[in-house]
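Take a look at the structure set out below.
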Amino acid sequence: MAAAADTYLTIKGDAQAQFVEQRSRFISFIWHVSSADEVKDRIAALQKEYYDARHICYAYMLGAERTDWRANDNGEPSGTAGKPILGQINSAGLSDVLIAVVRYFGGVKLGTSGLSEAYRLAAAQAIENAEVVTAYVERNVTVLFTYNMTNVVMKAVKDLDISIVSQDYGSFTTDGCNRAFECKSVFRAKLSVADEFEAKINAVSDTQADKELIITPI
């Protein structure tokens, strides 16, 4: 069944696996990552720890839309390492993940097909050992309202299963509205219900939902 528009699959924590093929040792690692900078840090740390390895190949996928990715062969024949690693990420439908495979050459050449299969298997085993979880794409909605609208706002929050990020009381205004509100709350809603929540709030007198909404994957 296809995932909803506001969900995607990722992993929780990290995992690893290893096996030997024709005396070459393959050690695979999978991490949850959220940026290319984090990928660079992970690979740099791996290169430092496994400085004596022949190759450290990797692939990553970022974002709920799965459009930010890279595959690196690190000296292996083109397409024999990074591509099959990325292929396993795609097969599992994962994002916000990095898989790296350390190879210690055992003296026997595996050929391009053998290499591709070894890196594919290394990545698959790392995924198998990881905990796959569903992540939600959410966005924050800032709502200004008067005290007497508290029950109305909170009913919408409860009905749509929305979480409260923060609540403040004082005197607040927003662009395009000439009056002041006594309450300012930030709510976090799944992408699929955020627009409905905003519409419910703006349809009620004495409330105002901020139009500047922030999409925040968890």
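The values are calculated or read from the model by the stated rules, or taken from the named source; none is laboratory data. Being a predicted model, the structure only gives us computed values, none of them experimental. Cβ placement follows ideal geometry from the backbone for every residue including glycine, while neighbour counts extend to all protein chains displayed.
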Residue 186 of a type in the set (A, V, I, L, M), outside any loop (DSSP other than H, G, I, E, B) and buried (at least 20 other Cβ atoms within 10 Å of the Cβ): no
Test for residue 173: is it more than 22 Å from residue 7 (Cα to Cα), hydroxyl-bearing (Ser, Thr, Tyr), touching a Lys or Arg at 6+ places or on another chain (Cβ under 8 Å) and modelled with pLDDT under 90: yes
Unmet criterion (only one of (1) assigned to a loop (DSSP other than H, G, I, E, B); (2) at pLDDT 85 or above) for residue 152: (1)
Test result for residue 166, under 30 Å from residue 11 (Cα atoms), at pLDDT 85 or above and either loosely packed, with under 11 Cβ neighbours inside 10 Å or not assigned by TED's automatic domain parsing to the domain that holds residue 64 (or both): yes
Residues being surrounded by fewer than 20 Cβ atoms within 10 Å (Cβ to Cβ) and either of a type in the set (Val, Ile, Thr) or at pLDDT below 95 (or both) - total across the stretch 115-134: 3
Count - residues of the stretch 138-158 that are out of contact with any strand residue (DSSP E or B) (no Cβ under 8 Å at 6 or more places or on another chain) and either closer than 12 Å to residue 194 by Cα or of a type in the set (A, V, I, L, M) (or both): 2
Residue satisfying all of: in the stretch 176-205; under 27 Å from residue 6 (Cβ atoms) and among the hydroxyl-bearing types (Ser, Thr, Tyr); farthest from the chain's Cα centre (by Cα) among these: 185
Residue within the stretch 98-113 that is surrounded by 16 or more Cβ atoms within 10 Å (Cβ to Cβ), charged (D, E, K, R) and either under 24 Å from residue 20 (Cα atoms) or out of contact with any Gly (no Cβ under 9 Å at 6 or more places or on another chain) (or both) present: yes
Some residue of the stretch 95-109 being closer than 21 Å to residue 32 by Cβ, part of a helix (DSSP H, G or I), under 27 Å from the mean Cα position of the chain (by Cα) and in contact (Cβ under 8 Å) with a residue 24 or more places away in the chain: no
Residue satisfying all of: in the stretch 47-92; among the basic types (Lys, Arg) and at pLDDT below 95; farthest from residue 29 (Cα to Cα) among these: 66
Subset of the stretch 32-83 (residues that are surrounded by 12 or more Cβ atoms within 10 Å (Cβ to Cβ), within 29 Å of residue 111 (Cα to Cα) and among the hydrophobic types (A, V, I, L, M, F, W, C)): 39, 43, 46, 53, 56, 57, 59, 61, 69, 71, 81
